Every structure is written in structure tokens, then in C-alpha cells.
Amino acid sequence: MSLLRRVLVLPLCAGLALAVNDARAQESLSLERAVSLAAAQNETVLAAGARAEAAEARVARARAFFLPRLTVTGGYTRRPQETTRVVGGETVVVQRFNALRAGVSAQVQLFDARGIPLYQSAAREKEAAALNAVEARRQVAFQAATAFLSTLGQEQVAEAAQRRLDLARQSMEEAKARATAGLASTNDVTRAQLDVATAEATLADAIGQAATSRLELGYLLVAPVEGPLAQPETLLDEASRPVDAFKGLSQGALERRPDLLAARLRVEAQQAFAREPLARLFPAVSASAQYTLNNESGLAGRTGNGFLAVDLVWTLFDGGERYADRRDRLAQARALEWELAAGVRRVDVAVARAEVSLRTAQASLSRAQVAVDAARLNSEETSLLYRQGLAAALALSDAQVRQYEAEVTLAQARYSLGTALLELRAAVGLDPLGKEP
């Protein structure tokens, strides 16, 4: 099994190591660039923008309710024979072989109370859709930033696994040398070989997870992530500040959050939509005019004719449909109000949770750094004692594993700190870079 694992794992590790070296030669991808790519190219953002455009078109359609309609028509008719009449001793063509006609008509809504609430509802929906597009871009940016930090963390775990493998190989060579010199038993060599095999498997798993994380990041960016990732020093430095320094961010969160602003506008849109059934109680008045021309004068002797009309439509009773529609729409408006109230209450909870996460991450990072320093020192001292024959191979193996675990914990704590700051910025309505969307 050990030989098979080496045959399969070592070429994989070597190939991935070469890929890492090639990647380092390329330009590094920064957090800011990743956020920008995701906000510009991700399909979720583009779809939200398209929905905003559709909402804007619906406003134009609602506005058209108040504008006149102008229609031009024309036609040609071919008949098998002409129709004539004798009028006053003259022959008049009533119907020609080739008949031409043209007409123009206009219609304007003089008064219809329904148009006002429908236009108000469409206008609010357009504003809400625009804010939803901003929120979609903000959320995708946070997903990209979180994936960026996660990928960095996974790659540092892979680097820690590589260091563990290097130490295990070094220990195996030392164990072989000591066993050959008769200073240690062959059991130390067997133990060292087991540690190398375990370290190889751990490294392969860590590299695989890092590669998977890169693929997910590339999916969010809609672009392959091939080069190295730059350390987000600005983000991590700010995340290291005392939590009390972020207290001011929560002020104005309700006015910054695009999702809450959009929710308010949707409530207003639904309330305006609920007023439309009441507008049906009023009569609707419209005016229309039409003028037609043809090449057949007919018995009247005129080739043109037209009219102007004013129409009034008043539905006195519609079976209760208008009141049923109003109850339906008012209930939906109340549901949106309750959802908005829940979202507003959630802001304070989200901010408080983010502050707790940030404080916990800061403490975890501090402890993890101390643990790494101690674990590395312990590994070095144990290795020195093993060379002197004062420590067992099991103690050396345990020290190397503890060093690896401490380095993994440090990598996770370092980027968990950045993720906690991202969580706080998301809660208060900022983008991943700390700016207002």
C-alpha cells in the first residue's frame, strides 16, 4: 500500500508543485480585483440588472396609459366588376374595380382614476428593482471575497502539509541512519515511514481541497483563477483593530442596506396597487376621433368622412370583484410590511453577531500565533533530542503533527478574522471593501 501510495501521490504532488511555481511567476490576483470581476461578470448580477431594465419598461407601459394613441390604416380591394348608379342624369361609380382607402384615428383617455395608482406602483417597483440589482452585486461581491479568503486559507494549509511532509522525510532519513549505526531500532524506521505515508496523504488531500476552492472562486469570478492570490493585508489589518472602533458602522445601516430600502419600496408599490380597485368606482372618460379617405365618392359624393366622439364608461356593480381585489392586495401589503419589520429587527442581531465573531476571531488568531510558535519550537527541540538519542521516535512524530495542526489552526484563524470583518460590513450595508454600494 505504501509503495502504491507513493506511486500515485508523489507525481501528483510534484505536478501541483510545478503548477504552484508557474503560478507564482504570473501576476497575483488581489481581493479588490476579485471583487471587481465578480461584480462585473457574474450572471446573478447581470440577471438582476436585466430585471431592473424590465421594471423600467413596465413604468413606460404604465405611463402610456395617459398618452394618446394614434393609428393609421390603409387598404386595397380588387373587385370583379364596378357598381354604378344614375343620379340626376349622371352615372356615379359606387364601387370601383380598384378601391383604395386610408384612415387615421386617435384616442385619448381624458380621465381614468386607475392609471394613477398603477403608475405609482410601477414606479416604486422600478426603484426597488434597481436597489435589488445593487444588493445582488453586493452579495456576489461578498461571496467572491469569502471564497478568496477560503482559497488562501486552503493553500496555506497545503503549504503546512508540505512542511510536515518535508519534516517527516527528514526524520525518516535520520531514523535510517541511526538504525544503520545501531543507535535505534528498525521500529523507528517503520514509524518514520508511516509518518511519511500519512503526510503524503494529508498533502494530497490539502492540495485537492485548495484546487477545488480555486475552482469555486473562478466560478464566482466567471474567469479561471490561475495565478497566485495576493495577501489581503489591508482587510486583515483593519480586522485586527479593536472591535469598539467599528461601533460607528452600525449607525445608518438601515439607510445603507439596499435590500431593506428595496423592501420598503415594494411595500409602497403594493399599497399603491391596492388603491387601484377603489379607482374603479369612478367613471372613465375617453375621446376618440377618426377620419377616412377613399377613391369612391358613392351616392353622397364625398371621398372623405370623419367623426369625433366622447365616451363615458361607468361600471356601477362588478359582482364585488373590485373589493375582493383590494382585500387581496392589502393582505399582500401587510405581509410585505411584516417581512420588512423582521428584516429591520434582524439588522441589530446581525451586527451584534458580527461583532462577536470579530472579537472571537481576534482572540483565536492571537492564541493560534502563540500555539504555532510553541509548536515549532517544540518540534525543533524534539528533533534535536532525537538526534542525540534523548527522545523517542513517537515523541518526534507527535511534535511534528502538533506543529502541522497548529499551523492549520493559524491559517484558519487568520482568514476567519477577515471573514468576520466581511460579515460585519455586510450587516451594516457596506461592500466587501468597506465602501457604500
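The values are calculated or read from the model by the stated rules, or taken from the named source; none is laboratory data. Keep in mind the model is a prediction, meaning the values are calculated, not measured. When we count neighbours, we look across all protein chains shown, and the Cβ atoms used for this are built from the backbone with ideal geometry, even at glycine. These accessible areas exclude ligands, DNA and RNA; they are computed on the full protein's heavy atoms, side chains included. Shrake-Rupley method; radii C 1.70, N 1.55, O 1.52, S 1.80 Å.
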Pull up the range 241-262, narrow it to residues that are small (Gly, Ala, Ser) and loosely packed, with under 15 Cβ neighbours inside 10 Å, then point me to the one that is nearest to Ala38 (Cα to Cα). Gly252
Taking into account only those residues within the range 146-175 that are open to solvent by less than 60 Å² (accessible area, probe 1.4 Å) and charged (D, E, K, R), which is farthest from the chain's Cα centre (by Cα)? Glu174
Are any of the residues in the range 386-396 assigned to a strand (DSSP E or B) and not β-branched (Val, Ile, Thr)? no
Do you know which of the residues in the range 38-66 that are touching a residue at least 24 places away in the same chain (Cβ under 8 Å), open to solvent by 80 Å² or more (accessible area, probe 1.4 Å) and not acidic (Asp, Glu) is nearest to Gln290 (Cα to Cα)? Phe66
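From Val134, Val140, which residue is in a helix (DSSP H, G or I), at pLDDT 95 or above and in contact with a Ser or Thr (Cβ under 8 Å, 6 or more places away or on another chain)?
Details: Val134 fails: in contact with a Ser or Thr (Cβ under 8 Å, 6 or more places away or on another chain).
From the options Val134, Val140, the qualifying one is Val140.
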Please go through the range 48-96 and pick out each residue that is farther than 30 Å from Val108 by Cα, of a type outside the set (Ser, Thr, Tyr), modelled with pLDDT of 85 or more and in a strand (DSSP E or B). Arg78
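Residue-wise test of (1) more than 30 Å from Ala206 (Cα to Cα); (2) open to solvent by less than 70 Å² (accessible area, probe 1.4 Å); (3) of a type in the set (Ser, Thr, Tyr); (4) touching a Cys at 6+ places or on another chain (Cβ under 9 Å).
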position: Ser36; (1), (2), (3), (4): no, yes, yes, no
position: Arg85; (1), (2), (3), (4): yes, no, no, no
position: Leu100; (1), (2), (3), (4): yes, no, no, no
position: Ala122; (1), (2), (3), (4): yes, yes, no, no
position: Ala128; (1), (2), (3), (4): yes, yes, no, no
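Residue by residue, here is whether (1) closer than 30 Å to Glu53 by Cα; (2) over 18 Å from the mean Cα position of the chain (by Cα); (3) modelled with pLDDT under 95; (4) open to solvent by 50 Å² or more (accessible area, probe 1.4 Å) holds:
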residue: Ala144; (1), (2), (3), (4): yes, no, no, no
residue: Ala177; (1), (2), (3), (4): no, yes, yes, yes
residue: Gly182; (1), (2), (3), (4): no, yes, yes, yes
residue: Thr190; (1), (2), (3), (4): no, yes, yes, yes
residue: Ala204; (1), (2), (3), (4): no, yes, no, no
Quick check: is even one residue across the range 215-229 open to solvent by 20 Å² or more (accessible area, probe 1.4 Å) and in contact with a Cys (Cβ under 9 Å, 6 or more places away or on another chain)? no
Confirm whether Gln95 is surrounded by fewer than 20 Cβ atoms within 10 Å (Cβ to Cβ), of a type outside the set (Val, Ile, Thr) and farther than 30 Å from Gly304 by Cα. no
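Residues of the range 359-374 being open to solvent by less than 50 Å² (accessible area, probe 1.4 Å) and either in contact with a Phe, Trp or Tyr (Cβ under 7 Å, 6 or more places away or on another chain) or of a type in the set (Gly, Ala, Ser) (or both), which ones?
Ala361, Ala363, Ser364, Ala368, Ala371
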What is the number of the single condition among (1) closer than 17 Å to Glu423 by Cβ; (2) at pLDDT below 90 that Asp259 does not meet? (2)
Would you check if there is a residue in the range 7-27 being under 30 Å from Leu221 (Cα atoms) and modelled with pLDDT of 90 or more? no
